[in-house]
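Read through the structure below, which is laid out as structure tokens, and then see the notes.
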Amino acid sequence: MLIKKPSDIKASQITDRAAYEQRRTFLKAAALAGVGAITSGPAAALVKPAGKGEAVSGIKDSGIGADLTPTEYEHVTGYNNFYEFGTGKSDPARNAHTLHTRPWTVVVDGECEVPGEIGIEDLLKSYTQEERIYRLRCVEAWSMVVPWVGFPLGDLLQRFKPTSQAKYVAFETLVDTEQMPGQKRAVLEWPYREGLRMDEAMHPLTLLATGLYGELLPNQNGAPLRLVVPWKYGFKSIKSIVRISFSRQIPETTWWKYAPKEYGFYSNVNPDVDHPRWSQARERYIGEGLFASKHPTLMFNGYGDQVASLYSGMDLRKFF
Ligand code: MTE
């Protein structure tokens, strides 16, 4: 595993602390002045770009997650799961340079009035890109905090006018064994697939991410477009999306199909429902080192106030 000790991390790799302090001071003041002020914060309150990729222009500060300290850029982009480029955590950063993200088109079809397709450049132009700092919690009991850039998935879905028959939304990753050499091995069934219930997909916290740390997504993090559903385990956050389909039926999803007793369709972060082979009660924060003590996992990854009502009346042990 690629975990750097604090002594291994160069000063240049550490995110600018002063920028965060400045951001928090601003947000405290903004909170006193009212929520509206938070959403119109000055550019200086945004997380400082890493200086490694192409900057995303005109990012709005959403203020979401301003109380979280992002995991260092090197960990966010160096410790990944992206089986299309290998099953090791450092494989995606090493191998994903073979992926071409321009041109890139996403097809939207299924139960909607105006099926069609949209290019990544259009997506970047047509929707206000905002920064949201979300915790990404993996089913392997580790987590990191990522300053994502993107826009609510619901904003895009509405444009295609889903019909009343659309109960679920399904997502697919690109299949191309030349660009994604890991697909030459049948470690999973390709394409990687994910799905959400319609109300989960339309929830304002559900993000289509186009960037992180103020820059376009690095390939290993799912360029040019990936899903981020902060209250669910990380595998729901499908990368390098090429198809979004509205459907009547619950869609097949990669890990649920692969091992249905281990990975459910919902996959909400839940400290009380263990993975059959390990506990989900505690988690390791990436960046703190292998020997640091673990932290208690929060129900719905800490987003319960916003999303618990989506599941009222459901037995979350059964629908895990
Ligand atoms: N999407 C695709 N297409 N292929 C994958 O292997 N891995 C998932 C998810 N999305 C995966 C994927 C898993 S298991 C996790 S934890 C997150 O991506 C990891 O996102 P990150 O590498 O940006 O931290």
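Summing charges over all other residues whose Cβ lies under 11 Å from the Cβ of Arg137, with Lys and Arg as +1 and Asp and Glu as -1, gives +2. Taking a straight line from the alpha carbon of Lys257, these aspartates and glutamates sit under 16 Å away, with near neighbours fewer than eight places off in the same chain left out: Glu172, Glu189, Glu194. Select from Ile118, Gly304, Ile244 the residue farthest towards the positive end of the dipole of the range 11-311; place +1 on Cβ of Lys and Arg, -1 on Cβ of Asp and Glu, and compute about the Cα centre. About the Cα centre, the residue reaching furthest to the positive side is Gly304.
Residues whose amide H falls under 5 Å from that of Lys167, counting only those 5 or more places apart or on a different chain, are Ser247, Arg248, with hydrogens built in the peptide plane. Surface composition of the range 192-320: carbon and sulfur atoms hold 55% of the protein heavy-atom accessible area at a 1.4 Å probe. For the set Lys167/Lys261; Lys125/Lys232; Lys52/Lys89; Lys236/Lys261; Lys232/Lys318; Lys294/Lys318, the pairs lying more than 18 angstrom apart at their alpha carbons are Lys167/Lys261; Lys125/Lys232; Lys52/Lys89; Lys294/Lys318.
Which whole-number percent is the relative contact order of the range 11-311 (Cα, under 8 Å, 6+ apart)? Averaging sequence separation for qualifying contacts and normalising by length gives 19 percent for the range 11-311.
Across the range 108-123, coupling constants 3J(HN,Hα) worked out from phi with the 6.51/-1.76/1.60 Karplus curve, θ = phi - 60°, read 10, 8, x, 6, 8, 6, 10, x, x, 9, 9, x, 5, 5, 4, 4 Hz, and Gly and Pro carry x. First check a/c for the chain, with a ≥ b ≥ c the square roots of the eigenvalues of its C-alpha gyration tensor; if it is under 1.5, answer rounded, and if not, answer prolate when a/b is larger than b/c or oblate otherwise. It is rounded, given that a/c, with a ≥ b ≥ c, falls under 1.5. Normalised per residue, the accessible area of the range 11-311 is 42 Å², obtained with a 1.4 Å probe and no contribution from ligands, DNA or RNA. Free of any trypsin sites (Lys or Arg not before Pro) that DSSP assigns to a loop and that have at most 10 other C-beta atoms within 10 Å, the longest stretch within the chain is 11-260. Helix content alone sets the calculated 222 nm mean residue ellipticity of the chain: runs of n ≥ 4 DSSP H residues at -39500 (n - 2.57) each, divided across all residues, give -4500 deg cm²/dmol. For the range 37-137, the carbon plus sulfur part of the accessible surface works out to 50%, probe radius 1.4 Å.
The values are calculated or read from the model by the stated rules, or taken from the named source; none is laboratory data. In this text, all values refer to a predicted model and were calculated from it rather than measured experimentally. Using ideal geometry, Cβ is built from the backbone for each residue, glycine included, and neighbour counts are taken over all protein chains shown. Ligands, DNA and RNA are excluded from the accessible area calculation, which covers all protein heavy atoms including side chains. Shrake-Rupley method; radii C 1.70, N 1.55, O 1.52, S 1.80 Å.
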